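Engineer: Can you read through this structure? Questions will come right after.
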Amino acid sequence: MESDLDFAYRMQLQEALAASVALQPSSSSSSVTPPPVLVPADEDISLISLQSEELERFDKERNDHEQCEIEMRRITYDLKRRVYDQQFARQILNISEDEWMEYGDNVERPFGEGCSTQALAADPFRLYFKGLISDEWINGSMAKLSAIGVAICDPYDVPILQIQKPLVSDGLSNGTIDAKALIEGLNAALSLEIKDIVIYCDSHALLQFIVGRWSAKQRKLAMLVDQVFLLQRKFMSCQHFLVARNDVKFAFKFARDAIESQLTRSKKSRYDKNLNETCTICLEDSSVEQMFAVDGCLHRYCFSCMKQHVEVKLLLGMVPVCPHEGCRSKLNVDSCRKFLTPKLVETMSQRIMEASIPVTEKIYCPYPKCSALMSKSEVLAYATNLFNNADRTGVGNCIKCHGLFCTNCKVPWHNNMTCSDYKRLNPYPRSEDAKLKSLATQNLWRQCVKCNHLIELAEGCYHMTCRCGYEFCYTCGAEWKNKKATCSCQLWDEANIMYVDDERDHIQRQNFRARRPR
C-alpha cells in the first residue's frame, strides 16, 4: 500500500509539473518547450503489473461469488420442488381407491411461492460433517494438511449439497477443525432456507460442547462453539445425534478428497492407478500392497487401520480379532508382521498364549528375572521327566529358566518342607509382592476375582469389564449380572467423566490397565 501511495504521489507531482510548464508563457516566440514525457521506471512498471493482477483477481472472485449465489438459488429452488413433490405424493397415497377413481383426475396442486416456503419446514434435513488433519509426504518432507467435508441430505438421506474445502492446519486440533466443518454446514443449510436440521456428529466431546453440557477450555474452540450456538438459534428446530465414524455419510470422503487434492504427487502410470482399493474403515484409497486380508474370513482393511485396531486391543489386554462387525476370525501373528512393530508382535504373541491357557491353569515362574507364563499341566509334564512323584510333591521346573518352584503355593521350591510349614515360617509376603500390594492400595487398584489381575480406573464409570470378561463394581468388587449392578454403589464420579484433553479435544473413553501379580 505504501508503494502504491508513493507511486500515485509521484505521478500526480509529475502531471502537475507538466501542466505548469505547459501553461507558463515561453520567453521565446520561436520555440515552445514541450511537456516532459513520463517514462515509468522499472519499479513503476512492476507496480502497474501488480495492480492489474490484483484487479483481475478481484474480478475473478466477484464472478465466482455471483456464480455461487446463482447456483445456490438454483439448488434451493430444486430442493423446494423436490420436498414439495414428496409431500404431495404422500398426500395422494393417503387418498382411498374409491375417492381416487371418482376425483383423481381433478386432483392438482400447482407449485408456487405460497407453498414452497412451507415445504422445507415439513421434515428435518440431515447434516453430516467431518474435519480431517493428515500428515502427508510432499516433495520429500512431512507436511500437515487439513480439510473439511460436509454433506446435507434430505429426510431420506439423499445428498443435496456437498462441500469439500482445504484449510490451513496451523494451530488446529481435531476438535477445532470439526467445529469449523459444522459451521460451514450450518451456514450452507441456512443459505438453502432450511428451517429444521438434524446434526449427526461422530465426536462425543464436540457433541457435549454444542449441546451446552460441557464448556470448552481451549480459547479457539470456545470461540467456534459460540458461533455454532448463534447459528443453531436461526433454525426452528435443531437436533443432535452421536453416530459412529462410519456413519458420517459422505462427509468423511469429501474431506479426504480435499486433502488428496492438495498433494503434489509424481505422475503414476495408468496401471498403478487401477491397483487401488478402498478401506471400509477409514474410506481411504490404498494400493493393494497396503491392504491386509484376514485369514479365514478374507475381510480386507488397510495397514494403518489394522495397526490401530491391534494396538487398542492389546492395550486393553485382549486378543485382537477381525475388526469386521460380528466376525470372530482370529488374526495370525505371522501375517500381522507386515504392519506391526517387533514389540507389538511380541505383545500379541504373549496375549495369544495367555488366552490359550485357562485361568485355573495359568502359572507364572516365581523368579522375578523370568516370570514366564506356563500351564500347570505343561509344568507337571515337564517336571515328571526329571523328578519322581512330581505331581504328588508339587515340584515344578520352569521350562524357560529351569528354576525349581512349588506349583501349589507359587514360590521357589522349599525342599524337605511342606507348603503349610513354609507359610508358617514365612508369614510375610515377598518384598516384590509387598511392594505391589502397597502400590495397589495406594492407587486404589482392584483385583479381578476371576483372573486375579489388577485393574486401574483411568476415567469413566465404575462399571469395569476385565480382559477375561468378568464384570464388577470398581468400588466394592460386587459382580455385575446382565449389565446390571448387584450393589448400591455410586455409578460414576463426575471428575472421571468430565476429563477433556485441551489439545485434542476428545473424550478418553473408559480404559483400564491390567497388571499381573507376582
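Engineer: Take the residues of the range 286-296 that are part of a strand (DSSP E or B) and surrounded by fewer than 16 Cβ atoms within 10 Å (Cβ to Cβ): which is modelled with the lowest pLDDT?
Structural biologist: Filtering the range 286-296 down to residues part of a strand (DSSP E or B) leaves 286-287, 291-293.
Cutting the leftovers down to surrounded by fewer than 16 Cβ atoms within 10 Å (Cβ to Cβ) gives us 287, 293.
On the way: Ser287: 81, Ala293: 85.
Across the range 286-296, the extreme among qualifying residues is Ser287.
Engineer: Of the residues Lys234, Lys253, which is touching a residue at least 24 places away in the same chain (Cβ under 8 Å) and closer than 11 Å to Gly131 by Cα?
Structural biologist: Only one candidate passes the filter, namely Lys253.
Engineer: Could you identify the single residue in Lys144, Lys130 that is at pLDDT 75 or above, within 24 Å of Ala179 (Cα to Cα) and buried (at least 16 other Cβ atoms within 10 Å of the Cβ)?
Structural biologist: Lys130
Engineer: Return the pair list, or none, for Cβ contacts closer than 6 Å from residues in the range 342-367 that are over 16 Å from Leu316 (Cα atoms) to residues that are outside any loop (DSSP other than H, G, I, E, B) and of a type in the set (A, V, I, L, M), at least 6 apart or on different chains.
Structural biologist: Every condition considered, the pairs that remain are Ile363/Met374; Ile363/Val379; Tyr364/Leu373; Pro366/Val411.
Engineer: Would you confirm whether or not the range 325-335 contains a residue that is under 21 Å from Cys466 (Cβ atoms), out of contact with any strand residue (DSSP E or B) (no Cβ under 7 Å at 6 or more places or on another chain) and of a type outside the set (Lys, Arg)?
Structural biologist: Among the residues of the range 325-335, not one is under 21 Å from Cys466 (Cβ atoms), out of contact with any strand residue (DSSP E or B) (no Cβ under 7 Å at 6 or more places or on another chain) and of a type outside the set (Lys, Arg), which makes the answer no.
Engineer: A further question follows. Restricting to the range 391-427, give me the number of residues that are under 23 Å from Glu378 (Cβ atoms) and part of a helix (DSSP H, G or I).
Structural biologist: 4
Engineer: Also: Consider Val359 carefully, then state whether it is at pLDDT below 80, within 38 Å of the chain's Cα centre (by Cα) and of a type outside the set (S, T, N, Q).
Structural biologist: Working: at pLDDT below 80: yes; within 38 Å of the chain's Cα centre (by Cα): yes; of a type outside the set (S, T, N, Q): yes.
When the stated conditions are applied, Val359 passes them.
Engineer: With the requirement that a residue be outside any strand (DSSP E or B), farther than 17 Å from Met318 by Cα and either not hydrophobic (A, V, I, L, M, F, W, C) or not assigned by TED's automatic domain parsing to the domain that holds Trp492 (or both), what does the range 463-477 give you?
Structural biologist: Residues satisfying the conditions are Tyr474, Thr475, Gly477.
Let's see how each residue does on (1) surrounded by 15 or more Cβ atoms within 10 Å (Cβ to Cβ); (2) modelled with pLDDT under 75; (3) not small (Gly, Ala, Ser):
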| residue | (1), (2), (3) |
| --- | --- |
| Arg430 | no, yes, yes |
| Gln442 | no, no, yes |
| Cys448 | yes, no, yes |
| Cys451 | yes, yes, yes |
| Lys483 | no, no, yes |
| Asp501 | yes, yes, yes |
| His506 | yes, yes, yes |
| Arg518 | yes, yes, yes |
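Engineer: Follow-up question, since we're still on this one. Give all pairs with beta carbons closer than 9 Å in which a residue from the range 317-340 that is within 19 Å of Cys282 (Cα to Cα) and free of Cβ contacts under 8 Å to residues at least 12 places away in the same chain meets a residue that is part of a loop (DSSP other than H, G, I, E, B) and aliphatic (A, V, I, L, M); count only pairs at least 6 apart in sequence or on separate chains.
Structural biologist: The qualifying pairs are Val321/Val294; Val321/Leu331.
Engineer: Right, here's the next one. For Thr465, all conditions in the list (1) buried (at least 17 other Cβ atoms within 10 Å of the Cβ); (2) on the phi < 0 side of the Ramachandran plot; (3) within 36 Å of the chain's Cα centre (by Cα); (4) not aromatic (Phe, Trp, Tyr) hold save one; what is the number of the exception?
Structural biologist: Of everything listed in (1) buried (at least 17 other Cβ atoms within 10 Å of the Cβ); (2) on the phi < 0 side of the Ramachandran plot; (3) within 36 Å of the chain's Cα centre (by Cα); (4) not aromatic (Phe, Trp, Tyr), Thr465 misses just condition (1).
Engineer: Hey, Gly460 hits all of (1) part of a loop (DSSP other than H, G, I, E, B); (2) over 14 Å from Leu316 (Cβ atoms); (3) touching a residue at least 24 places away in the same chain (Cβ under 8 Å) but one; which does it fall short on?
Structural biologist: Among (1) part of a loop (DSSP other than H, G, I, E, B); (2) over 14 Å from Leu316 (Cβ atoms); (3) touching a residue at least 24 places away in the same chain (Cβ under 8 Å), the lone unmet condition for Gly460 is (2).
Engineer: While we're looking at this one, here's another question. With respect to Phe111, is the statement that it is in contact with a strand residue (DSSP E or B) (Cβ under 6 Å, 6 or more places away or on another chain) and either at pLDDT 75 or above or part of a loop (DSSP other than H, G, I, E, B) (or both) true? Break it down into steps so the answer makes sense when it comes.
Structural biologist: Values: in contact with a strand residue (DSSP E or B) (Cβ under 6 Å, 6 or more places away or on another chain): no; either at pLDDT 75 or above or part of a loop (DSSP other than H, G, I, E, B) (or both): yes.
Spelling it out, it is not the case that Phe111 is in contact with a strand residue (DSSP E or B) (Cβ under 6 Å, 6 or more places away or on another chain) and either at pLDDT 75 or above or part of a loop (DSSP other than H, G, I, E, B) (or both).
Engineer: May I ask you to list pairs of residues, at least six apart or on different chains, whose Cβ atoms are under 7 Å apart, with the first in the range 397-422 being without any contact (Cβ under 8 Å) to a residue 40 or more places away in the chain and the second being of a type in the set (A, V, I, L, M) and loosely packed, with under 13 Cβ neighbours inside 10 Å?
Structural biologist: Pairs found: Asn397/Leu386.
The values are calculated or read from the model by the stated rules, or taken from the named source; none is laboratory data. All values reported here derive from a predicted model rather than from experimental measurement. Backbone-built Cβ (ideal geometry, glycine too); neighbour counts: all protein chains shown.
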